Structure formats: structure tokens, C-alpha cells
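The values are calculated or read from the model by the stated rules, or taken from the named source; none is laboratory data. This structure is a prediction, so every number in the text was calculated from the model and none was measured. Positions of Cβ are backbone-derived with ideal geometry, glycine not excepted, and every protein chain shown enters the neighbour counts. The accessibility values were calculated without ligands, DNA or RNA, using every heavy atom of the protein model including side chains. Shrake-Rupley method; radii C 1.70, N 1.55, O 1.52, S 1.80 Å.
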Amino acid sequence: MTDTLRSPRRHAIATLVMGLLGATSLSAQAQQDGIVFTSWGGTTQAAQKKHWAVPFTAVTGITVQQDGPTDYGKFKAMVESGNVTWDVVDVEADFAAKAAKDGLLEPIDYSVVPKAQLDPRFSGPYHVGSFYYAFVMAFNKDIYKGKAPANFSALFDTKTYPGKRTFYKWSAPGVLELALLADGVPADKLYPLDLDRAFKKLDTIKGNIVWWTGGAQSQQLLASGEAPIGVFWNGRVHSVESSGQNVDVSWTQSLTAADVLVVPKGSKRKAQAMKFLAYAAGAKGQADFATDTAYAPVNLGSKALMSPAAVKTLPDQFTKGQINLNMAWWAENRDVVAKRWYAWQAQ
């Protein structure tokens, strides 16, 4: 064990975590039994590596190889072929619900993962919460000086807010909802989504849309001014703000959801994967990740470990006008929506 881990504070932390995970020594066998963790890349995955993977390896000896970005088609193909190379994957909650129904996931071993510590909204038989986030409208203040947008209707007002808009490219909760909200649909009447109305609204700005495929790209588009307004994961905007870029966020009508962690059916390292889930969802790992990213923790004890200033940046602190995305509806309709979504983009 290194001199760093011999310090009293780190030794206490290591002892606590190793007891929780049932790890008693850093063995050569554990090094061979490393897992592959797959997530979305960019600053989010960098924070997951820093606050989950690296300290997890330090106290268990189980290595964590990084892969990504998360790809649902690849995920499904792995499981169906029996050639599963991913062990823990960060996915959106609607995908997790559908994947569980389709038999693509391993059940969570809650004799290892501390279920009682977790927010029950974000954990279930086949998934453990990863982080709680919001889609927020953000804008480049250098471009729109003195014209802070109030709500999603600004995205469709190309006169007041000229230039490109940027939205998430993939078929997923968020863009259809914001189109309907901008078209006057009340928040409590969103579901079931009126697809005809949503696509008609999006048609009005289709030529002004730049699609982002990953969080890092969305940050670049916003910071550079190439697409000076759009909808982003709140943690990505926080990262841009923290780097000194002149951007701002409108929390009005923020759309909230959670990413979750799953283990693909057929993982050859299930036991190690469950230990990683226990660490990633633990109070300290969640607190450190939340402080770094401004995504809210899923462990009920994490906020007590965070500074008041860090807690104030979390999406669950901006509840006025907040709208919870209906992941159950999406799980039932994601295939139908995806078919129409990609056909519309290709037109």
C-alpha cells in the first residue's frame, strides 16, 4: 500500500470502504479481474473516473478501464451475441427501463449495494442511480448582451435571439417536450406527447438547429458562439461557466431526469461490477462527483458531505418551474419515437 494511503484520514476511508465492499487485500487476482466502465465521455466521465474509478481501485485493487461513449445499439448487440465486454454502463433511465423489460440487464445485488442509502426514485431491481440532472437552456452572454431569455419560447424566437440553436441529436427525452412547452402546452398536460404538434413546432427552426451528439461538443458550441443558445445538461454548462466563459443559464422550465448505472446481461465480472456500483453510489463518491459537476447526488447522505456553496449549484435547488421528464412514458414509446425522430432529421 502506498504512503498516501497510510495517512490517518485516507486509511480510515480505505478501511470503511473495504469493509463495505468485502475487500480485504489488494491481490494479483483482483488486478486481473478489472472491469470496463462505459459512460458519455467529456467532463462527466472524467469526473466519474476521478471520484469513482480511481479511488475504487485504490481501496480494492480492482482496475477500472474506461470506454465510451455509451451506445445503445452496441449495448444490445453485445448482450444478444453473448460477447459482453462492458461491465458497468451509464445510461438514461428510459433506456434502463426498456432494457430491463427486454432481458438485457443483470439484477442488482443489494446485499453489496447499500440500497437503504439511495434515493428510491433513482434505483430499482436492475439499475442504481448515477446522478440527477436537468436539461437547461443556456446562452452565450457575449452574443446576447442584455437579452436574457426567459423560457423555451426564446429558442423559437430567431428575431430576438438570432443564430443557431443546439439540441441533443439522439432520440431521447427533452427536445420534444421543450417544443411543446414553447408551443403553449401546460407542463401537466405534456404526456402523452403530441408528436405531430412537437414536430410542427420544431419545423419552424429546423434550418437553425445544430445537433450535439455528446456533452463535450455541446460545451464547445456554446462557448465558441457557433450555437449561442440551446439546451444542455446542467453540469456541462456549469463546467463551461467554471472555465471562465461568459455564459448563463435559465432554470425556468428545466427538465429533470436521472442517469443510472446498469450491468449488461452476461457480464463476466458481475461480482466486481456490484462492488463498483456500491462505491459509485456511496455517500462520499456521490458527494465528490456532485461537487465537481453540479449534478445532484443519488445518495441520501451525500449533501451532508458537501459545502453549502456546492449544494446551491445542484438542479434540485431550482424547483420553481421545474418539470420531471416522464421516463415511464418514454420507456414504452422510445422505439416509435426514435423511428419518427430520425426520419424527420433526415428529411
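Output the residue which, of all residues in the range 159-172 that are open to solvent by 60 Å² or more (accessible area, probe 1.4 Å) and in contact (Cβ under 8 Å) with a residue 12 or more places away in the chain, is farthest from GLU332 (Cα to Cα).
Of everything passing the filter in the range 159-172, LYS164 is farthest from GLU332 (Cα to Cα).
Which one of these is charged (D, E, K, R) and under 22 Å from LYS147 (Cβ atoms): ASP288, ASP316, ASP248? Selected residue: ASP248, the only one of ASP288, ASP316, ASP248 that is charged (D, E, K, R) and under 22 Å from LYS147 (Cβ atoms). Among the numbered conditions (1) modelled with pLDDT of 95 or more; (2) open to solvent by 50 Å² or more (accessible area, probe 1.4 Å); (3) of a type in the set (A, V, I, L, M, F, W, C), the only one that ALA150 does not meet is (1). Would you please list the contacts, defined by Cβ atoms under 9 Å and residues six or more apart or on different chains, that run from a residue in the range 173-189 that is without any contact (Cβ under 8 Å) to a residue 40 or more places away in the chain to a residue that is aromatic (Phe, Trp, Tyr)? Partner pairs satisfying both residue conditions: ALA179/PHE152; ALA179/PHE156; ALA179/PHE199; ALA182/PHE152; ALA182/PHE156; ASP183/PHE156. Residues that are under 18 Å from the mean Cα position of the chain (by Cα) and polar (S, T, N, Q) were ranked within the range 231-253; the one that is most open to solvent (accessible area, probe 1.4 Å) is SER239. Please go through the range 244-270 and pick out each residue that is without any contact (Cβ under 8 Å) to a residue 40 or more places away in the chain and assigned by the TED database to the domain that holds ASP94. The answer is none; no residue qualifies. Taking the criterion of being more than 25 Å from the chain's Cα centre (by Cα), closer than 17 Å to PRO228 by Cβ and not charged (D, E, K, R), the residues of the range 155-203 that qualify are PHE156, THR158, THR160, TYR161, PRO162, GLY163. Residues that are surrounded by fewer than 16 Cβ atoms within 10 Å (Cβ to Cβ) and among the basic types (Lys, Arg) within the range 77-114 comprise just one, LYS101.
Could you list all residues from the range 74-92 that are within 19 Å of the chain's Cα centre (by Cα), at pLDDT 95 or above and either of a type in the set (Ser, Thr, Tyr) or not in a loop (DSSP other than H, G, I, E, B) (or both)?
Residues of the range 74-92 within 19 Å of the chain's Cα centre (by Cα): 74-75, 86-92.
Still in the list and also at pLDDT 95 or above: 74-75, 86-91.
Within the range 74-92, LYS74, PHE75, VAL88, VAL89, ASP90, VAL91 qualify.
I'm trying to understand the selection: among the residues of the range 284-333, which are among the charged types (D, E, K, R) and either touching a helix residue (DSSP H, G or I) at 6+ places or on another chain (Cβ under 6 Å) or farther than 26 Å from GLN253 by Cβ (or both)?
Scanning the range 284-333 gives LYS284, ASP288, ASP292, LYS303.
Results for (1) under 15 Å from the mean Cα position of the chain (by Cα); (2) open to solvent by less than 80 Å² (accessible area, probe 1.4 Å); (3) farther than 23 Å from ASP90 by Cβ, shown as yes or no for each residue.
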site	(1), (2), (3)
ALA290	yes, yes, no
ALA310	no, yes, no
LEU314	yes, yes, no
ALA328	no, yes, no
GLN345	no, yes, yes
